[in-house]
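A.B. asks: Have a look at the structure that comes next, please.
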Amino acid sequence: HKNLHLLSPQQVELAKMLVEKGQSHLFEHWPEPGVDDDEKKAFFDQVTRLNSSYPGGLASYIKTARELLADSRAGKNPFDGFTPSVPTGENLSYGDENFIKFEEAGVKEAQNAAFVLVAGGLGERLGYNGIKVALPFETITGTCFLQCYIESVLALQEASYRMTQGGQKKEVPFVIMTSDDTHARTVELLESNSYFGMKPTQVKLLKQEKVACLEDNDARLALDPQNKFRVQTKPHGHGDVHSLLYSSGLLYEWHDAGLRWVLFFQDTNGLLFKAIPASIGVSATKGYHVNSLAVPRKAKEAIGGITKLTHVDGRSMVINVEYNQLDPLLRATGFPDGDVNCETGYSPFPGNINQLILELDPYIEELKKTGGAIKEFVNPKYKDACKTSFKSSTRLECMMQDYPKTLPPSARVGFTVMDTWLAYAPVKNNPEDAAKVPKGNPYHSATSGEMAIYRANSLILRKVGVQVDNPVKEVFNGQEVEVWPRIVWKPTWGLTFADIRSKVSGSCSITQRSTMAIKGRNIFVKDLSLDGALVIDSIDEAEVCLENELMCSLLYFSNMNILTG
Ligand code: UGB
C-alpha cells in the first residue's frame, strides 16, 4: 500500500487483482518508499506487458494455470474418453503422375499464399547460442536457412506468376515470428544481407512475448532468481503465432488482397520447399481447411504422431499427439506395447513435421471466436511423488499444431505424407545427443541435416535420369551417415520436378566424389559426365548449356552472361 503512489491508476487495478489472486508474495519484500523506486516501477511495467500480451490478461493466465496444474497433479489424462486410431490422408510419391499434378496445382496457387516462419525458439537441444536460421543448411555454398527460405519463396512467387501467364504480379507476404531471444539477431541478419533479395516491405516480423513462470500448484508467479523486482518468464511456445497474426491485423489485410492460404513452417528444415508446391496443390484440390505435412515416423522419434482421436460421445478429430504423449496414450487404450514400429518398420502414425497449410477464410472465422488462443498445457517437473513442489518453475505452453483442437467437426482437416528424404531434415540435436540416438532412428543434427540435402538432390537427379553414384558411409561427429555427391542448386533453378526435368537431358553421370553447385536459373545440363567439382554461377538472364565431359579437380564459372556456351 505504501508504494501505490508510484503506479498509474491502471497499474493500481492490476496490483489489486494480483493480491486478490493470491500473488501478494510478489511485493512482500518491497522496501519502504524511496528505496528502489525505479525497480518497483520497472516491475510494474513488466507486469503490465505480461498482462496485455496474454489473451484475457494475467487473471486468465492464473486461472488456467491453476486448473491445468490441478489436472497434472491428479494425473488426469488429457485424452480421457478418446481412442486413437490411424487416420487416412494423401500419400505422395515424388515424381509420379499424381505428384506432378499436385505440384502444378500448387505452383499456380502459390501466389495466393502467405508464408509464416516460426523462429522464436533458441533451440536448447542444439546447444548453439546464435539464431538457428543463421546456420548454413549446407556447407558447399554456405547458404543459411533464412536465405534458403526467402529465395524459395521468391522462386515460387516467380514461378506462380509465370504459370498464370500475365496476371497481376503479386508479392507473397513473408512473416517471421521472433522472440526476445531471436528478434534483434534476426533483424540484423536480414539487414546485413539486404533481405536476401526480398523487398523489405514484403517481410514482417512479429515478436512473441514470454509468459510468467509458476512456482507452485497454486500458480503463484515466480520471481526472477537474478532480480527480485522482476517476474521470471519463459517462452510460451510456437502456438503464439496464431494470436499474433490475428492481433496484428495481417489476416484481414491478406483477405482483402485476395489471398487464400497461410503456410506455417519451422526454422531448420532445409528440404522443406521441395515438399511445399505439391502440398499446396493437395490443399487446393481437396479443399482442406487444415493440411499438416507428415513423413513416415520411426517409433519414439521426437516428432508428434498424426492421430485420429474418437471420443466415446462420437466426436472425432485428426490431430497431432506430441511425441511424449503418444506412448502413454497408446498403452492406456489397448495397445500394450505403446509407441512401436509395425511391420513396415515405421510407426503406423505418420510423423508431424509441423508444416501447416491453413485456408485463410475459415482460419479467420475461427480466430474471430478464439482470438487465436490455443489450448495450453503444463509440464511441471515434480520434486516428490506427492507432487507438492517443483524442481524448477514451470509455465503454460502452447503448440501451433493444436490449432484444430477447437474446430467444429465439419472442418476439413487432412494431412499429406511425403517421403522423408524429400521433405524433412531438421537440425535440432547437438552432436553428443545425436550420437546416442538408437541405431536406425534419425539423428536430426547439423550433420544429418546437411547430408540429407545432398541425398535429396542426388535422388531427384536420379529420378530425372542422371546416373548418380551410390553414397559411401562415413562417420562424422560420432554419427554414421551416407555421403552422396555434394549436389546443390538455387531454388530458381529447380523448384519442382517438372522444372528440373526440363533442365537435364541426354546421358548424364556424376561420381560419388563430385561436388556440383548450380547458381543460376537458366543452366541446362546435357550429356554431362562429372568427376570433380563444378560451380556454375550465372545471372538469371543468361542461358548456359553444359554439354561436355568434365573430369576436373575444380571448374568455376562465375557471372556468366553469355547466351549459349
Ligand atoms: N518456436 C517458437 O517460435 N517459439 C517458441 O516459443 C518455441 C519454438 P522446436 P518442438 O520438427 O518435427 C515441434 O523446439 O517444439 C519455434 C513439434 O511440436 O524445434 O520440440 C522454433 O523456433 C513436433 O510435433 O520443436 O517440436 C522452431 O522453429 C514436431 O513436429 C519451432 O517453433 C517437431 O517440431 C519448433 O520448435 C518437428
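A.B. asks: Could you pull out the trypsin sites (Lys or Arg not before Pro) across segment 393-501 that fall in loop regions by DSSP (anything but H, G, I, E, B) with no more than 15 other Cβ atoms inside 10 Å?
C.D. replies: Hits after loop and neighbour filter: Arg412, Lys436, Lys439.
A.B. asks: At a 10 angstrom cut-off on C-beta neighbours, averaged per residue, how do the peptides 322-332, 301-311 rank from highest to lowest?
C.D. replies: Details: 322-332: 17.5, 301-311: 21.0.
Descending packing order for the listed peptides: 301-311, 322-332.
A.B. asks: Moving on to the next point. Against the longest principal axis of the chain, how steep is helix 446-463, in degrees 0 to 90 to the nearest 10, with axes from Cα atoms?
C.D. replies: That helix lies at roughly 40 degrees to the long axis.
A.B. asks: If you don't mind, another one. Tell me, what ³J(HN,Hα) does each residue in segment 261-273 have, in order and in whole Hz, if you take phi through Karplus 6.51 cos²θ - 1.76 cosθ + 1.60 with θ = phi - 60° and put x for Gly and Pro?
C.D. replies: 10, 10, 9, 10, 8, 9, 7, 9, 10, x, 8, 2, 6
A.B. asks: Here's something else I'd like to know. Quote the charge dipole size of segment 364-415 about the Cα centre in Debye, to the nearest 20; the model charges only the Cβ of Lys and Arg (+1) and of Asp and Glu (-1). Don't jump to the answer; show the numbers that get you there.
C.D. replies: Numbers: 10 positive and 6 negative charges, 38 e Å.
Dipole about the Cα centre, nearest 20: 180 debye.
A.B. asks: Right, another one. Suppose R0 equals 35 Å; then what is the FRET efficiency for Ser529 and Lys286 from their Cβ-Cβ distance, rounded to the nearest 0.05?
C.D. replies: 0.25
A.B. asks: Which ³J(HN,Hα) values, rounded to whole Hz and listed in residue order, are derived for segment 93-103 from phi using the Karplus coefficients 6.51, -1.76 and 1.60 in 6.51 cos²θ - 1.76 cosθ + 1.60 with θ = phi - 60°, glycine and proline given as x?
C.D. replies: With the stated coefficients, segment 93-103 comes to 10, 3, x, 7, 4, 4, 4, 5, 4, 5, 4 Hz.
A.B. asks: A follow-up question, please. Taking the Cα centre of segment 446-526 as origin, work out the dipole magnitude from +1 charges on Lys and Arg Cβ and -1 charges on Asp and Glu Cβ, in debye rounded to 20.
C.D. replies: Around 440 debye, computed over segment 446-526.
A.B. asks: Here's something else I'd like to know. Counting other Cβ atoms within 10 Å, which GluC sites (Glu not before Pro) in segment 1-92 have at most 13 and lie in a DSSP loop?
C.D. replies: Glu28
A.B. asks: Considering the options Leu189, Gly249, Ala385, tell which one lies farthest towards the positive end of the dipole of the chain, charges being +1 on Lys and Arg and -1 on Asp and Glu at the Cβ, about the Cα centre.
C.D. replies: Comparing the listed Cα positions along the dipole, Ala385 ranks first.
A.B. asks: Between Leu528, Phe264, Thr496, whose Cα lies farthest towards the positive end of the dipole of the chain when Lys and Arg beta carbons carry +1 and Asp and Glu beta carbons carry -1, centred on the Cα centre?
C.D. replies: Phe264
A.B. asks: Toward the positive end of the charge dipole of segment 344-501, about the Cα centre and with charges on Cβ (Lys, Arg +1; Asp, Glu -1), which of Gly351, Thr420, Ile460 goes farthest?
C.D. replies: Sorting the options by dipole projection puts first Gly351.
A.B. asks: Segment 371-389 to segment 483-544: how many Å between their Cα centroids?
C.D. replies: 51 Å
A.B. asks: What is the magnitude of the charge dipole of the chain about its Cα centre, with +1 placed on the Cβ of each Lys and Arg, -1 on the Cβ of each Asp and Glu, and no other charges, expressed in debye to the nearest 20?
C.D. replies: About 680 debye.
A.B. asks: Between Gly532 and residues 5 or more places away or on another chain, which pairs have amide H atoms under 5 Å apart, with H built 1.01 Å from N, and which residues are they?
C.D. replies: Thr511, Ser514, Thr515, Cys552
A.B. asks: Counting helices only, and only those DSSP H runs with n ≥ 4, report the 222 nm mean residue ellipticity of the chain as the sum of -39,500 (n - 2.57) divided by its residues, in deg cm²/dmol to the nearest 500. Provide the component values of the computation, followed by the final result.
C.D. replies: Values: 15 runs with 172 residues, N = 565.
Counting only the DSSP helices, I get -9500 deg cm²/dmol.
A.B. asks: Moving on. May I ask you to evaluate 6.51 cos²θ - 1.76 cosθ + 1.60, the Karplus curve with θ = phi - 60°, for each residue of segment 116-127 and list the ³J(HN,Hα) values in order in whole Hz, giving x for glycine and proline?
C.D. replies: 10, 9, 8, 9, x, x, 8, x, 4, 5, 7, x
A.B. asks: Okay, moving on. Say the cut-off is 26 Å between C-alpha atoms; which of Lys286/Lys519; Lys170/Lys210; Lys199/Lys503; Lys234/Lys428; Lys207/Lys274 go over it?
C.D. replies: Numbers: Lys286/Lys519 35 Å; Lys170/Lys210 34 Å; Lys199/Lys503 28 Å; Lys234/Lys428 19 Å; Lys207/Lys274 28 Å.
Result: Lys286/Lys519; Lys170/Lys210; Lys199/Lys503; Lys207/Lys274 exceed 26 Å.
A.B. asks: Mind checking the angle between helix 57-73 and the chain's longest principal axis? C-alpha axes, 0 to 90 degrees, to the nearest 10.
C.D. replies: So the helix axis and the longest Cα principal axis differ by about 90 degrees.
Bear in mind these aren't lab numbers, they're just calculated from the coordinates by the rules spelled out. Quick caveat, the model's predicted, so the values are computed rather than measured. Note that we place each Cβ from the backbone using ideal geometry, even for glycine, and neighbour counts take in every protein chain shown.
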